[in-house]
Amino acid sequence: MKALYFDHFGNSDVLTYGELPDPVVSRSELLLGMEYIGLNYADIYRRKGEYHIEERSPYINGYEGVGTVIDIGSAVSEYNIGDKVFFVDVPFSNAELVAVPKENAIKLPSNMDSKLVASIGLQGLTADFLAHDLGNGLESSNVFVHGISGGVGQILAQMLTADGLNVYGITSSKEKQQMALEQGAKRVFLRNSDWQEDYLSYFDTVYDGVGITLLDSIDLVKHRGKVVFFGMAGGNPPKIDFVELLSQSKSILTGDLWDYLTSYKERSERSDRLFKYFREGTINISEPTIFSLSNGKEAHEFLESGKSVGKILLEP
Ligand SMILES: NC(=O)c1ccc[n+]([C@@H]2O[C@H](COP(=O)([O-])OP(=O)(O)OC[C@H]3O[C@@H](n4cnc5c(N)ncnc54)[C@H](OP(=O)(O)O)[C@@H]3O)[C@@H](O)[C@H]2O)c1
């Protein structure tokens, strides 16, 4: 099969597209012919050697995608050849073929398009645990989302709005600001404008997947409020003074999607909850940008450039 892989850490130059052996399907796995593969920040962190990674050389990056079942392990009775399946927590997905344990596979609902599911899978399930497990869930409370027009940001902001919260956010351009407002945000600030002084200690919850903004997030959240730190899209966070945090009763929560997808039940219940927002039309997202898997290097560079809006997909 063709795959995108690397054998040492580094910048996008380490990525090679070429022939590797097909995966061997175990008794409890499905073999998928991949249709769309999601690209995520975690793929960048792994390529640079800054994130947990499985032992394998060369290493095939990627953890999510949508594909069609083309082979079935002898202990799997729940699937048929031709079924469409998606997954968000299976390694080695930057390839034409991926072996997926049956408990990690989720059948695509018949009324949902593969491209849409590939565009919302990992980021949508991330938004789900951020909003519903780590968020405060109080109706009418004020929440702030850094990177509101990013992949997670767009879904998270609309989910929180649909759940009855007032959503504020920040972005880098007028176009992205307009998009976030059309998606229901109450106010969206521009990064290069002067707005922060009016909102110090204002928000009940601040969602921060940007990292370098963590001190700003602490300033923006009110006493007894929560900062939910979930990623480093802009760079690693600064050191935090916990004694100062304590003196203001501010809390920092963190979370990794893997810890919220620990069983088939959890994967399918969370996916159903996510898909419901899309089926009911409560959440709309921008069209994904699609690169051929053979152009994976360009896709990594585009994600790192900060110019992307929403999801980047790789197509084998
Ligand atoms: N914890 C988890 O389980 C989990 C799961 C998935 C993703 N994540 C994390 O979630 C974050 C967002 O991922 P994504 O897939 O949504 O990526 P994305 O679509 O590229 O969005 C990243 C956002 O970060 C903002 N950003 C980037 N650099 C910035 C900077 N220097 N200053 C301020 N804002 C900056 C961008 O804002 P503009 O568009 O306004 O420029 C963009 O909207 C990443 O950190 C990722 O690692 C965490």
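The values are calculated or read from the model by the stated rules, or taken from the named source; none is laboratory data. Since we're looking at a predicted model, the values are computed, not measured. Don't worry about glycine lacking a Cβ; one is built from the backbone with ideal geometry, like all the others, and counts go over all protein chains shown.
Is it the case that segment 159-167 has a residue that's among the hydroxyl-bearing types (Ser, Thr, Tyr), modelled with pLDDT under 95, in the same structural domain as Lys222 (by TED's automatic domain parsing) and under 22 Å from Phe229 (Cα atoms)? Let's see the steps before the verdict.
Going residue by residue through segment 159-167, those that are among the hydroxyl-bearing types (Ser, Thr, Tyr) are 161.
Cutting the leftovers down to modelled with pLDDT under 95 gives us none.
The answer is no, given that none of the residues of segment 159-167 is among the hydroxyl-bearing types (Ser, Thr, Tyr), modelled with pLDDT under 95, in the same structural domain as Lys222 (by TED's automatic domain parsing) and under 22 Å from Phe229 (Cα atoms).
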**Message:** Condition first: farther than 20 Å from Leu253 by Cβ and either in the same structural domain as Leu246 (by TED's automatic domain parsing) or free of Cβ contacts under 8 Å to residues at least 24 places away in the same chain (or both). Can you find one or more residues in segment 126-138 that meet it?
**Reply:** no
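Please note which strands (runs of 3 or more DSSP E) are completely contained in segment 204-316 and include at least 2 residues that are in the same structural domain as Ala131 (by TED's automatic domain parsing) and more than 18 Å from the chain's Cα centre (by Cα). Spell out how you get there, then give the answer.
On the way: elements: 221-229, 251-254, 289-292, 312-315.
Fully inside segment 204-316 and qualifying: 221-229, 251-254.
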**Message:** Any residue at all in segment 298-313 that's within 21 Å of Ala95 (Cβ to Cβ), in contact (Cβ under 8 Å) with a residue 40 or more places away in the chain and among the small types (Gly, Ala, Ser)?
**Reply:** yes
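Is it true that Lys276 is near the ligand (Cβ under 10 Å from one of its atoms) and without any contact (Cβ under 8 Å) to a residue 12 or more places away in the chain?
Numbers: near the ligand (Cβ under 10 Å from one of its atoms): no; without any contact (Cβ under 8 Å) to a residue 12 or more places away in the chain: yes.
Answer is no for this residue.
Here's a check for you: in segment 302-316, which residue that is of a type in the set (Gly, Ala, Ser) and in contact with a helix residue (DSSP H, G or I) (Cβ under 9 Å, 6 or more places away or on another chain) is surrounded by the fewest Cβ atoms within 10 Å (Cβ to Cβ)? If you could, list the steps in order and put the result at the bottom.
So the first thing to find is which residues in segment 302-316 are of a type in the set (Gly, Ala, Ser), and the list is 305-306, 308, 310.
This time we only want the ones that are in contact with a helix residue (DSSP H, G or I) (Cβ under 9 Å, 6 or more places away or on another chain), so: 308, 310.
Details: Ser308: 18, Gly310: 21.
So the residue we want is Ser308.
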**Complete:** Within segment 191-229, the count of residues that are within 15 Å of the ligand (Cβ to nearest atom) and either farther than 20 Å from Lys239 by Cα or small (Gly, Ala, Ser) (or both) comes to 8
**Asked** Name the residues in segment 17-42 that are away from the ligand (no atom under 16 Å from the Cβ) and in a strand (DSSP E or B), would you?
**Response** Tyr17, Gly18, Glu19, Glu29, Leu30, Leu31, Leu32, Gly33, Met34, Glu35
**Fill in**
When segment 177-213 is checked residue by residue, the ones that are surrounded by 14 or more Cβ atoms within 10 Å (Cβ to Cβ) and more than 25 Å from Leu253 (Cβ to Cβ) are Gln177, Met179, Leu181, Leu190
**Prompt:** Would segment 183-190 turn up any residue that is in contact with a helix residue (DSSP H, G or I) (Cβ under 6 Å, 6 or more places away or on another chain), assigned to a loop (DSSP other than H, G, I, E, B) and within 16 Å of the ligand (Cβ to nearest atom)?
**Reply:** yes
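Just a yes or no: is a residue in segment 149-163 part of a loop (DSSP other than H, G, I, E, B), within 9 Å of the ligand (Cβ to nearest atom) and under 19 Å from the mean Cα position of the chain (by Cα)? Don't jump to the end; show me each part of the working.
Within segment 149-163, the first condition is being part of a loop (DSSP other than H, G, I, E, B), and the residues that meet it are 149-150, 163.
The next check asks that each one be within 9 Å of the ligand (Cβ to nearest atom); those that pass are 149-150.
Filter once more, keeping what is under 19 Å from the mean Cα position of the chain (by Cα): 149-150.
Yes, because at least one residue in segment 149-163 is part of a loop (DSSP other than H, G, I, E, B), within 9 Å of the ligand (Cβ to nearest atom) and under 19 Å from the mean Cα position of the chain (by Cα).
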**Request:** Output yes when any residue across segment 43-55 is assigned to a loop (DSSP other than H, G, I, E, B), within 30 Å of Gly147 (Cβ to Cβ), touching a Lys or Arg at 6+ places or on another chain (Cβ under 6 Å) and in the same structural domain as Leu30 (by TED's automatic domain parsing), and no when none is.
**Result:** yes
